[in-house]
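Visitor: Structure in structure tokens, see below.
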Amino acid sequence: MPTMIFVNLAVDDLARSRSFFESLGYSINEGFSDENAVSVMISDTIVAMLLTREFFAEFTSKSIIDATTSTEVQLALSAESKEEVDAIHAKALAAGATPAGEQDHGFMYSKSFDDPDGHHWDFVWMDPAAAAGGAPELTLEEMRENTTHS
């Protein structure tokens, strides 16, 4: 069985968060969803568990950050094409996300957004030939020239 990844995210409004991810085309696993949590099926092996802050707090003794003002993690998912990156980004913005930058290095293309709870998501396409052979050498200045932040 392949390793599964469960990304647990604290959310302020469970219904709003559920609607947001459904707007992106993801399905909900109702068997693991209730008034405290929504199980979003990103793929067969990746699940985003959206948890109310109160329920999330039951799993940690640490303080829970406000993702709109602090960075907890940057979540990056691959896409099959530049067009898929553009499509998911457009859906996210239409569903209430905030744009958070984009990159186009030719061999790699990405667009980012912050979801309604402030969690940062990147959708990335990489040229399969470049991925197999390694990325071309870019200077830090070249990378900055091809990166925009919203």
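Visitor: May I ask you to verify whether residue 107 is of a type in the set (Phe, Trp, Tyr), under 30 Å from residue 129 (Cβ atoms), buried (at least 18 other Cβ atoms within 10 Å of the Cβ) and assigned by TED's automatic domain parsing to the domain that holds residue 130?
Guide: Spelling it out, it is not the case that residue 107 is of a type in the set (Phe, Trp, Tyr), under 30 Å from residue 129 (Cβ atoms), buried (at least 18 other Cβ atoms within 10 Å of the Cβ) and assigned by TED's automatic domain parsing to the domain that holds residue 130.
Visitor: If I go through region 113-132 residue by residue, how many of them are touching a residue at least 60 places away in the same chain (Cβ under 8 Å) and either of a type in the set (D, E, K, R) or not assigned by TED's automatic domain parsing to the domain that holds residue 77 (or both)?
Guide: Selection size over region 113-132: 2.
Visitor: Let me ask something else about it. Give the residue that is nearest to the chain's Cα centre (by Cα), with candidates limited to residues of region 25-59 that are β-branched (Val, Ile, Thr) and assigned to a loop (DSSP other than H, G, I, E, B).
Guide: Residue satisfying both the conditions and the ranking: 42.
Visitor: Being outside any helix (DSSP H, G or I) and either closer than 17 Å to residue 67 by Cα or of a type in the set (A, V, I, L, M) (or both) is the filter here, so list the residues in region 1-19 that pass it.
Guide: Within region 1-19, 1, 4, 5, 7, 8, 9, 10, 11, 12, 13 qualify.
Visitor: Regarding region 60-79, can at least one residue be identified that is part of a strand (DSSP E or B) and farther than 22 Å from residue 23 by Cβ?
Guide: no
Visitor: Would you check which residues across region 62-116 are modelled with pLDDT under 95 and of a type in the set (Lys, Arg) and list them?
Guide: 62
Visitor: Residue 22 - would you say it is without any contact (Cβ under 8 Å) to a residue 24 or more places away in the chain, surrounded by 13 or more Cβ atoms within 10 Å (Cβ to Cβ), outside the structural domain of residue 114 (by TED's automatic domain parsing) and not in a strand (DSSP E or B)?
Guide: yes
Visitor: Output the residues belonging to region 25-36 that are of a type in the set (A, V, I, L, M, F, W, C) and either out of contact with any helix residue (DSSP H, G or I) (no Cβ under 8 Å at 6 or more places or on another chain) or surrounded by 18 or more Cβ atoms within 10 Å (Cβ to Cβ) (or both).
Guide: 32
Visitor: Right, next: Can you tell me which condition residue 50 does not meet? The list is (1) surrounded by fewer than 12 Cβ atoms within 10 Å (Cβ to Cβ); (2) under 19 Å from residue 14 (Cα atoms), and all the others hold.
Guide: Evaluating residue 50 over (1) surrounded by fewer than 12 Cβ atoms within 10 Å (Cβ to Cβ); (2) under 19 Å from residue 14 (Cα atoms) leaves (1) as the failure.
Visitor: Would you pick out the residues in region 81-95 that are loosely packed, with under 15 Cβ neighbours inside 10 Å, touching a residue at least 40 places away in the same chain (Cβ under 8 Å) and within 25 Å of residue 19 (Cβ to Cβ)?
Guide: Of everything in region 81-95, those that are loosely packed, with under 15 Cβ neighbours inside 10 Å, touching a residue at least 40 places away in the same chain (Cβ under 8 Å) and within 25 Å of residue 19 (Cβ to Cβ) turn out to be 84, 94.
The values are calculated or read from the model by the stated rules, or taken from the named source; none is laboratory data. Since we're looking at a predicted model, the values are computed, not measured. Because the Cβ atoms are built from the backbone with ideal geometry, glycine has one as well, and the counts that use them run over all protein chains shown.
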